[in-house]
Amino acid sequence: MSAAPPASQPAPVQWEAVGTYRDIRFLRSEEGIARISINRPEKRNAFRPGTVQELCDALTRVRDDPGIGVVLFTGDGPAADGVWAFCAGGDQSVRGDGGYLDDTGLPRLNVLDLQRLIRSLPKVVIALVAGYAIGGGQVLHLLCDLSLAADNAVFGQTGPRVGSFDAGFGAGYLARVVGQRKAREIWFLCRRYDAREALAMGLVNAVVPLERLEAEGVAWAREVLAHSPTAIRCLKAAFNAETDGLAGIQELAGQATHLFYRTAEGQEGRDAFLEKREPDFSQSGWLP
């Protein structure tokens, strides 16, 4: 029988594999944490349409799993040459004239679906960035609720260098996070920024040694899981509503509807309809 870990050491996560995927790995734990990683280290974890489809499938499973509250989103590695990458954006080797070609040859930009799913997921997504977060990978980490960087992390944009750009979240939301001047610098100059520079501009929440990155992510996830799930999901929707226009307001309204359905007042309206009687809301009161 193995000895229990020292009191100062947090208990390790017991991961269980979920699903069968080609380009990603999906692990979950009974304590409420999921780990979703792009598993293409030889391609610097660049995504192709199939990668994105698998990520969307895994996040949809997370959405529908009431036992999961936090997702750790990362990239597997290092590659055979020792290089780490969170995600290097779209795989240019499968980029066609109208998008990234799937297995049937159809050009797609389905990473936009993934971006919206990360934003609307009523759970907390924490990016764990080791190595390169470049191009579309920089946008993916940006859209996560929290972002932890290893000390070897490198951030930047490449779109104008490769005939591409992200004029949606990649530009507009970036400007909300780091400011207009810095966002324009990032896109117009296509420079690289190390982890400390990213922390200084507010692009990440913390920087930790590479060997501690996942453990730190788990620690943050456990702190989140100690709090009210309803408060967290409503707060996420509220933060999004400030930046996402009517789509964000719709998301916040949906969370309010979730809450209302669970009240006696909401249930009285439903029950009266099913029982074919007039509803009695007299006990609810018109509170200030």
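The values are calculated or read from the model by the stated rules, or taken from the named source; none is laboratory data. These numbers were taken from a predicted model, which means no experiment stands behind them. Neighbour counts run over all protein chains shown; Cβ positions are idealised from the backbone, glycine included. Surface accessibility is based on the protein's heavy atoms, side chains included, excluding ligands, DNA and RNA. Shrake-Rupley method; radii C 1.70, N 1.55, O 1.52, S 1.80 Å.
Helix 264-274 and the long axis of the chain differ in direction by around 70°, with both axes built from C-alpha atoms. What region 136-288 shows is 60 Å² of accessible area per residue, with the surface traced by a 1.4 Å probe over protein heavy atoms.
Between the helical axis of 111-120 and the longest alpha-carbon principal axis of the chain there is an angle of about 40 degrees. Taking a ≥ b ≥ c as the square roots of the eigenvalues of the Cα gyration tensor of region 208-277, is the shape rounded (a/c under 1.5), prolate (a/b larger than b/c) or oblate? Oblate shape, in that a/c is at least 1.5 and b/c is the bigger or equal ratio. Carbon-plus-sulfur accessible fraction, region 55-201 (probe radius 1.4 Å, protein heavy atoms only): 52%.
The residues of region 32-71 have, on average, 33 Å² of accessible surface per residue, using a 1.4 Å probe with all protein chains present.
Listed by chain and number, the aspartates and glutamates placed with their C-alpha closer than 18 angstrom to that of Lys276 are Glu265, Glu268; residues fewer than eight positions away on the same chain are left out. Against the chain, whose longest principal axis comes from its Cα atoms, helix 245-261 is set at around 40 degrees.
Can you figure out the FRET efficiency of Trp286 with Ala226, using R₀ = 41 Å and their beta-carbon distance, to the nearest 0.05?
0.70
Counting protein heavy atoms only, region 213-287 has 62 percent of its accessible area on carbon and sulfur, 1.4 angstrom probe. Sorting Val125, Val13 on solvent-accessible area from highest to lowest, probe radius 1.4 Å, gives Val13, Val125.
A simple rule links phi to the HN-Hα coupling: the Karplus curve 6.51 cos²θ - 1.76 cosθ + 1.60 with θ = phi - 60°, which for region 132-146 gives 7, 10, 10, x, x, x, 4, 5, 4, 5, 4, 7, 5, 5, 9 Hz, with x for Gly and Pro.
Quick check: from the Cα gyration tensor, does region 54-204 come out rounded (a/c under 1.5), prolate or oblate?
Rounded.
Rounded to the nearest whole Hz, the Karplus-based 3J(HN,Hα) values (6.51 cos²θ - 1.76 cosθ + 1.60, θ = phi - 60°) of region 48-64 follow the sequence 10, x, x, 4, 5, 4, 5, 4, 5, 5, 5, 5, 5, 5, 4, 4, 8, with x at glycine and proline. Counting only GluC sites (Glu not before Pro) that DSSP places in a loop and that have at most 16 other Cβ atoms within 10 Å, the longest clean stretch of the chain runs over 32-274.
Tell me whether region 1-95 comes out rounded, prolate or oblate; compute the Cα gyration tensor, take square roots of the eigenvalues as a ≥ b ≥ c, and use a/c under 1.5 as the rounded threshold. If you can, show how the numbers build up before the last one.
Numbers: a/c = 2.87, a/b = 1.50, b/c = 1.91.
Here region 1-95 falls in the oblate category.
Comparing mean-square fluctuations of Thr263, Thr74, Thr60 from a GNM of the chain with C-alpha springs under 10 Å, the top value falls on Thr263.
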